[in-house]
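Only one structure is covered here, and it is reproduced in the block below.
The values are calculated or read from the model by the stated rules, or taken from the named source; none is laboratory data. A quick note: this is a predicted structure, and the numbers were derived from the prediction, not measured. All Cβ positions, glycine included, derive from the backbone under ideal geometry; neighbour counts span all protein chains shown.
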2 protein chains.
Amino acid sequence: MPDKVRIALDAMGGDHGPSVVIPGAALAQMRHPDTEFVFFGIAPEIEAALAVHPKLKAASRIIHTDVAVKMDDKPSQALRQGRWKSSMWLAIDAVKQGEADVAVSAGNTGALMAMAKIHLRTMAGIERPAIAAIWPTLRGESVVLDLGANIGADAQHLIDMAVMGSAMARILLDIDRPTVGLLNIGVEEVKGLDEVREAGRILRERDLPHIHYSGFVEGDDIGKGTVDVVVTEGFAGNIALKAAEGTARQIAGYLKAAMKETIFTRIGYLFARGAFRKLAAKIDPSRANGGVFVGLNGIVIKSHGGADANGFSAAVDIGYQMVRNDLKAKIEQALVPEARVVAELPEAGAAS
Amino acid sequence: MPDKVRIALDAMGGDHGPSVVIPGAALAQMRHPDTEFVFFGIAPEIEAALAVHPKLKAASRIIHTDVAVKMDDKPSQALRQGRWKSSMWLAIDAVKQGEADVAVSAGNTGALMAMAKIHLRTMAGIERPAIAAIWPTLRGESVVLDLGANIGADAQHLIDMAVMGSAMARILLDIDRPTVGLLNIGVEEVKGLDEVREAGRILRERDLPHIHYSGFVEGDDIGKGTVDVVVTEGFAGNIALKAAEGTARQIAGYLKAAMKETIFTRIGYLFARGAFRKLAAKIDPSRANGGVFVGLNGIVIKSHGGADANGFSAAVDIGYQMVRNDLKAKIEQALVPEARVVAELPEAGAAS
């Protein structure tokens, strides 16, 4: 384990660039003093933002580049214009070269995933990366993946995600065998879910290390916290995440309107204000900020593009945790031969 | 248009059977006196429940059957044991025979869809039925489909759903050309969405009657009410609905806990109580109760199995509205030849 966790930051990513990335890093550093930072981007802007954070400055390096991936660049555009030289690419490259332990960017998801995939490549034994997020639930927190790295997933991909998600949950929840559920719909005997059923059968039969397979779960089980890890292909996972975020915003909107309705509700609001603020923070999607790209040779964290310094610092925290608790080793521990759909098991009787 | 809307009710469906179905029907009848009811199920139980609703009783018939589909029956089981004789089947059969205009059941979704499909069959020009729901949004209400009738959808299915959803939205929102969006994820250039892209291209180019195509929408656009009709295949649609419901319940749970936190929040709650109750009703998933099976030769409404009389009456209301405003005719108006992916258009120049 390294003395310091070395964090590469794409200073130009997101809607706000250095004005959020640097104060965000400063907040994360307060919680985790055993960190070092490398900022990639326009040096004068980064220096200006660092000037008011002397403690962070002392633990930081700056690598200048004036190429930045735009929030609406398509992945192919981003690669054409930003490969080898954009702040996003260079942050990933620092991980690739072993100069950083994790890269964090608030830049656009598609470009970040494309660059991370091309430059870091998938881990041995994993076919595709996935985007995993920490989802606040009534019971605490769960890991949900994939949130949109890929559309569609065969049984092997789903099992790989169970392996990677359980590794993340071990770190976050500090338990040895997190419960894992496959996202499904309640309608029985509808065609088209063969891959989910096959993955379920294999997870049940093979009894993999560090995975306590709990069966199918439905959309409302995510918020309930029925299982520690929810596995699904990326289209449904992305829709679920966005639908939940949308609902949270919708209810926050209703709540605000309700509290302004009459003089009584206004008085009530004054009394209960503290609780409301806590509630608002609790249901704020940006608080659980930080999508973890899992399955690559290196850890990359995606922050919401619109996150503020607080939100960005949450993404840095997640990166820190994943490095400190060695996500890669934990994935490898669960990546036994039995986790292959076509298991490469020693032939029966061969060594007896 | 018929003088009375004739409603066939599966009295044995749902978690509570006649004890919810009958008072639910009574509530709906108060709002819509131009209704007649036929109840299918165990006659003595239905009669007992009707005894306290003389006005409803006067507008009702009872058809006895002691066969009922169970909530956990698989569709194939339900068909084996309940075809021709269960309360669910007989309610659908009343629609088929022209003795009722709509069937409402709180029984299990899979069985209800299987029976409705087999007995009513799909409308001419529609390949597959879908389940559509009315989704409360920040802007009002939207129609979302498919919520789980089918998994996967090709371009033609998506366009059929745009046609059917816009017909429903015309009734609900009383506008001639509802806006329609295709549910998608924000990550560009990810493979696997060819069918969604193709459907989008066709909807944009063909300019179908009663459809104002607005492009792709994401999961959080549903709650925002960005479009009047959200179209997606059934797996993602079901997950989105359940994830949103789960989030609503989760936040309601947080809110309850927050209001009990301190003496101040308790006082605040007392003042704001009325607003809270309204809010709770607003975010209660059962209020928007009633999945509409669209695309069949007859209207079937699915109520939540756990709905109370109020919730069940909402499902009956939706059925009433769909009949009174002639859902079928509205679908047919939008089902022009140009709505076929391979359009059967008159040959260019043939008649000139």
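Checking B:VAL190 against (1) farther than 22 Å from A:ALA153 by Cα; (2) at pLDDT below 75, which single condition isn't satisfied?
(1)
Quick check: is even one residue across region B:169-188 crowded, with 24+ Cβ neighbours inside 10 Å and under 14 Å from the mean Cα position of the chain (by Cα)?
So far as region B:169-188 goes, yes, one or more of its residues are crowded, with 24+ Cβ neighbours inside 10 Å and under 14 Å from the mean Cα position of the chain (by Cα).
Restricting attention to region B:52-97, which residues are within 14 Å of another protein chain (Cβ to nearest Cβ) and buried (at least 21 other Cβ atoms within 10 Å of the Cβ)?
Once the filter is applied, which keeps residues that are within 14 Å of another protein chain (Cβ to nearest Cβ) and buried (at least 21 other Cβ atoms within 10 Å of the Cβ), region B:52-97 yields B:VAL69, B:ASP73, B:PRO75, B:ALA78.
Residues in region A:34-43: is at least one away from chain B (no Cβ under 14 Å), farther than 23 Å from A:GLY290 by Cβ and touching a His at 6+ places or on another chain (Cβ under 6 Å)?
Within region A:34-43, one or more residues are away from chain B (no Cβ under 14 Å), farther than 23 Å from A:GLY290 by Cβ and touching a His at 6+ places or on another chain (Cβ under 6 Å).
May I ask you to verify whether B:ASP3 is touching a residue at least 60 places away in the same chain (Cβ under 8 Å), surrounded by fewer than 22 Cβ atoms within 10 Å (Cβ to Cβ), among the charged types (D, E, K, R) and part of a loop (DSSP other than H, G, I, E, B)?
No.
Scan region B:9-20 and tell me whether some residue there is hydroxyl-bearing (Ser, Thr, Tyr) and either in contact with an Asp or Glu (Cβ under 7 Å, 6 or more places away or on another chain) or surrounded by fewer than 16 Cβ atoms within 10 Å (Cβ to Cβ) (or both).
The answer is no; no qualifying residue exists.
Of all residues in region B:235-279, which are closer than 19 Å to B:THR109 by Cβ and facing chain A (nearest Cβ under 7 Å)?
Within region B:235-279, B:PHE235, B:ALA236, B:ASN238, B:ILE239, B:ALA240, B:LEU241, B:LYS242, B:ALA243, B:ALA244, B:GLU245, B:GLY246 qualify.
Would you check which residues across region B:118-151 are loosely packed, with under 15 Cβ neighbours inside 10 Å, in a loop (DSSP other than H, G, I, E, B) and not basic (Lys, Arg) and list them?
Listed by number, the residues that qualify are B:ALA124, B:GLU127, B:GLY140.
Taking region A:208-245 as the search range and keeping residues that are within 20 Å of the chain's Cα centre (by Cα) and in a strand (DSSP E or B), which one is nearest to B:ALA153 (Cα to Cα)?
A:VAL231
Looking at (1) facing another protein chain (nearest Cβ under 10 Å); (2) within 21 Å of the chain's Cα centre (by Cα), which is the only condition A:VAL196 fails?
(2)
May I ask you to list the residues in region B:140-172 that are charged (D, E, K, R), closer than 22 Å to B:GLY200 by Cβ and within 14 Å of chain A (Cβ to nearest Cβ)?
Scanning region B:140-172 gives B:ASP146, B:ASP154.
Considering B:ILE63, B:ILE46, which residue is at pLDDT 95 or above, in contact with a strand residue (DSSP E or B) (Cβ under 6 Å, 6 or more places away or on another chain) and under 16 Å from B:HIS16 (Cα atoms)?
B:ILE46
May I ask you to say which residue of A:ALA91, A:ALA116 is at pLDDT 95 or above and within 15 Å of the chain's Cα centre (by Cα)?
The unique qualifying residue is A:ALA116.
Listed here are the residues, each with its yes/no results for (1) buried (at least 23 other Cβ atoms within 10 Å of the Cβ); (2) in contact with an Asp or Glu (Cβ under 7 Å, 6 or more places away or on another chain); (3) at pLDDT below 80.
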site: A:ALA236; (1), (2), (3): yes, no, no
site: A:LYS260; (1), (2), (3): no, no, yes
site: A:GLY268; (1), (2), (3): yes, no, yes
site: A:ASN289; (1), (2), (3): yes, no, no
site: A:ALA307; (1), (2), (3): yes, no, no
site: A:GLN333; (1), (2), (3): no, no, no
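Checking B:ILE175 against (1) out of contact with any strand residue (DSSP E or B) (no Cβ under 6 Å at 6 or more places or on another chain); (2) within 14 Å of chain A (Cβ to nearest Cβ); (3) of a type in the set (Val, Ile, Thr); (4) outside any helix (DSSP H, G or I), only one condition comes out false. Which one?
(2)
Return a yes/no flag: does region A:68-81 have any residue that is of a type in the set (A, V, I, L, M) and under 28 Å from A:ASP326 (Cβ atoms).
no
Do we have any residue at all in region A:93-101 that's part of a loop (DSSP other than H, G, I, E, B), among the small types (Gly, Ala, Ser) and touching a Leu at 6+ places or on another chain (Cβ under 8 Å)?
No, there is no match, as no residue in region A:93-101 is part of a loop (DSSP other than H, G, I, E, B), among the small types (Gly, Ala, Ser) and touching a Leu at 6+ places or on another chain (Cβ under 8 Å).
Output the number of the condition that A:ILE202 fails; it satisfies all remaining conditions of (1) part of a helix (DSSP H, G or I); (2) in contact with a strand residue (DSSP E or B) (Cβ under 6 Å, 6 or more places away or on another chain); (3) of a type outside the set (D, E, K, R).
Here A:ILE202 clears every test but (2).
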